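Worksheet: the structure to be examined is printed underneath.
The values are calculated or read from the model by the stated rules, or taken from the named source; none is laboratory data. All of these numbers come straight from a predicted model, not from anything done at the bench. So basically every Cβ, Gly included, is an ideal-geometry build from the backbone, and we count neighbours across all protein chains shown.
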Amino acid sequence: MSSHFLLAIVAGFSALCFYQISHYLSTSVDIIHLSSLRNPHAASWTSWFHPQRQWGYGDEPTAGTLPQQDGGRYAKDWNILYHLGGNGPWVEKIDGVVEGGIMVPKGCVVDQVHMMSRHAERYPTTKAGVRIMKPLKRIQQQADVKPAGDLAFVSDWDFISSDPQTHFEQLTSTGPFAGKLGAFTTGIKLRTRYAHLLPKRLAPNGKTNFWASDSARVIETARHFGAGFFGLNWEDTSTLHVIPETAERGGDTLTPGDTCKRYLHDMQKGHDQGYSKIVEFRDTYIGAAKERLLKDNPEFKFTNEEVFAMQELCAFEITTRGSSLWCDVFSREDWLNFEYARDVIHYYRAGPGTPYAATMGGLYLNATAKLLEQGPEAGPFFFSFVHDGDMTPLLSALDIFHDDEDLPTTHRVDSRAWRTSQITPMGGRIIFERMTCDVGLKEKVPHVRINMNDGIVALPGCQNGPGHSCPLDDFLSWTRKRMVEIGDFNEVCGLRAYEPDAPDMITFLHQHA
């Protein structure tokens with residue numbers, strides 16, 4: 001990554017966060033005006049102009065060529081970004097969070113931070129990209145038939161990548177939701193939030209260790225984050241350790257879904273269960289949307305999978321261009337169903353719907369609990385970067401988004417706690433904050449609280465501390481009990497049968513030599 005590009009990012013972020021303070025304040029300034037002065041000033045949406053944001057380089061669209069379902073339109077009661085099921089850009093968690101925001105409770109000071117973060121916004125994976133391109137190629141190949149109705153705009157629309165072979169799987173670098181910008185911005189946010197801990201780094205040679213699983217987009221996310229958190233010369237002050245995504249790592253991994261062999265081999269309750277479950281639910285709702293599109297476009301003979309892929313395209317175009325007409329091809333009801341379908345696949349693939357998930361997530365939970373017990377002497381920062389399928393096992397181990405019954409595939413459950421749009425969006429992160437709090441005793445008492453995408457989430461059964469935090473001793477007791485409940489990684493995954501010499505726990509999370 002060039003220094004010019006980094007400087008451009010810095011300049012862009014500085015503009016985004018510049019506080020618009022008036023030269024003169026008087027006692028007559030009203031509360032509303034004061035409030036506006038305290039909020040960050042951001043550039044207008046037009047400054048993010050993308051020449052292909054809505055359509056290609058052809059003629060300007062007319063009202064007759066625009067899709068009319070309005071699922072992508074923003075309103076007071078509707079934001080499409082909260083219904084993209086993890087395929088869209090980062091959003092704050094707003095459901096099921098503690099009131100009061102992320103401000104540290106009065107009398108408390110954060111002295112240690114642990115973060116597991118998904119990679120930032122990316123293009124589709126190769127598999128998803130091929131699936132998305134399939135119906136588009138069919139439309140393009142029938143040159144004598146023009147798409148009509150809600151698909152009329154496609155005639156003048158260009159694909160999200162001019163070089164899919166290069167772009168698929170990688171971070172996006174254009175638009176307001178560019179993954180490279182998002183990762184850098186996250187680094188700046190956390191540097192701002194935890195600046196008081198920067199002088200307390202304890203790693204050898206004055207460098208802070210941080211970690212990424214061995215995937216290009218994950219590593220690149222960590223590097224951009226490092227530039228934001230540690231500075232452009234981050235390699236002088238920190239060391240990024242890349243952890244292989246290979247089976248021989250056993251329990252010493254950031255990606256337990258690649259090392260738990262029973263999970264991979266179990267066709268009924270393991271990894272592949274998610275795919276069969278999403279198809280079951282998808283086919284309960286997508287047919288109506290398909291019939292509507294085929295009514296105006298009978299020649300194209302779309303399948304259920306292809307129409308679902310059009311919904312996926314909405315999210316990926318947003319991450320590259322900032323908006324997408326594909327979102328308006330579908331209604332709000334279609335999007336509520338799409339969101340649920342995405343929740344279903346993650347719930348059953350690597351979430352509470354598979355018996356292996358909590359055990360896999362227990363690896364990171366147990367390692368983190370030990371560091372929280374050691375306290376700031378172990379070091380102030382522990383940042384790890386992974387995939388969404390590595391975060392959902394941790395959430396399963398924590399059991400913080402618990403549904404009394406497994407998500408059905410015959411109908412949508414709107415009252416569910418498991419919502420991947422707010423749990424694992426692109427760039428999604430879960431942060432454990434260790435706080436030392438004055439609770440009226442002779443000595444200050446350490447507490448733990450969980451920050452999920454900038455929404456504080458209470459730990460079930462342990463939220464009697466300041467700001468619904470959990471006293472550290474209670475958190476450690478809860479963790480020990482939970483580790484017994486979810487089972488031993490070695491036994492549940494059959495580690496010794498497949499990798500007899502592999503370690504059964506995480507050993508690399510440390511800041512000391």
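Residues of region 368-393 being surrounded by 20 or more Cβ atoms within 10 Å (Cβ to Cβ) and either part of a loop (DSSP other than H, G, I, E, B) or of a type in the set (Gly, Ala, Ser) (or both), which ones? Matches in region 368-393: ALA369, GLY379, PRO380, SER384, HIS387, GLY389.
Of everything in region 245-259 that is surrounded by fewer than 20 Cβ atoms within 10 Å (Cβ to Cβ) and part of a helix (DSSP H, G or I), the residue that is nearest to the chain's Cα centre (by Cα) is ALA247. Here is the figure for region 329-340: residues that are of a type in the set (A, V, I, L, M, F, W, C), surrounded by 24 or more Cβ atoms within 10 Å (Cβ to Cβ) and part of a helix (DSSP H, G or I) total 2.
Scanning region 389-436 for residues that are within 30 Å of HIS196 (Cα to Cα) and under 10 Å from the mean Cα position of the chain (by Cα) yields MET391, GLN422, ILE423, THR424, PRO425, MET426, GLY427, GLY428, ARG429, ILE430. With respect to being of a type in the set (A, V, I, L, M), in a strand (DSSP E or B), buried (at least 16 other Cβ atoms within 10 Å of the Cβ) and touching a Phe, Trp or Tyr at 6+ places or on another chain (Cβ under 8 Å), MET133 falls outside the description. Take the residues in region 90-130 that are hydrophobic (A, V, I, L, M, F, W, C), crowded, with 16+ Cβ neighbours inside 10 Å and under 22 Å from ASP438 (Cα atoms), then tell me which one is farthest from the chain's Cα centre (by Cα). Per the stated criteria, the residue is CYS108.
Taking the stated definitions as given, is SER161 closer than 16 Å to GLY427 by Cα and crowded, with 18+ Cβ neighbours inside 10 Å? For SER161, the condition - closer than 16 Å to GLY427 by Cα and crowded, with 18+ Cβ neighbours inside 10 Å - is not met.
Among residues that are assigned by TED's automatic domain parsing to the domain that holds GLY389, part of a helix (DSSP H, G or I), out of contact with any Leu (no Cβ under 6 Å at 6 or more places or on another chain) and touching a residue at least 60 places away in the same chain (Cβ under 8 Å), ARG282 is not included. Considering the conditions (1) closer than 28 Å to HIS224 by Cα; (2) in contact (Cβ under 8 Å) with a residue 60 or more places away in the chain, ALA397 is excluded by exactly one of them, (1). With the requirement that a residue be without any contact (Cβ under 8 Å) to a residue 24 or more places away in the chain and within 24 Å of ALA212 (Cα to Cα), what does region 247-279 give you? Passing the criteria: ASP258, LEU264.
Within region 268-279, the set of residues being assigned to a helix (DSSP H, G or I) and in contact with a helix residue (DSSP H, G or I) (Cβ under 6 Å, 6 or more places away or on another chain) comprises GLN273, GLY274, LYS277, ILE278.
If you go through region 65-113 and keep only what is among the hydroxyl-bearing types (Ser, Thr, Tyr) and touching a residue at least 40 places away in the same chain (Cβ under 8 Å), you end up with THR65, TYR82.
Summed over region 352-367, residues that are part of a helix (DSSP H, G or I), surrounded by 24 or more Cβ atoms within 10 Å (Cβ to Cβ) and not aliphatic (A, V, I, L, M) total 4.
For every residue, the table says whether it meets (1) in contact with an Asp or Glu (Cβ under 6 Å, 6 or more places away or on another chain); (2) in the same structural domain as TRP90 (by TED's automatic domain parsing); (3) touching a residue at least 24 places away in the same chain (Cβ under 8 Å).
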position: THR125; (1), (2), (3): yes, yes, yes
position: GLY129; (1), (2), (3): no, yes, yes
position: GLN140; (1), (2), (3): no, yes, no
position: VAL145; (1), (2), (3): yes, yes, yes
position: ASP150; (1), (2), (3): no, yes, yes
position: TRP157; (1), (2), (3): no, yes, yes
position: ASP163; (1), (2), (3): no, yes, no
position: HIS167; (1), (2), (3): no, yes, yes
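Selection within region 56-68: residues that are surrounded by fewer than 19 Cβ atoms within 10 Å (Cβ to Cβ) and not small (Gly, Ala, Ser). The member of this set that is modelled with the highest pLDDT is GLN68. When the residues of region 265-294 are filtered to those that are of a type in the set (Gly, Ala, Ser) and either crowded, with 17+ Cβ neighbours inside 10 Å or touching a Pro at 6+ places or on another chain (Cβ under 8 Å) (or both), the one that is nearest to VAL307 (Cα to Cα) is ALA289.
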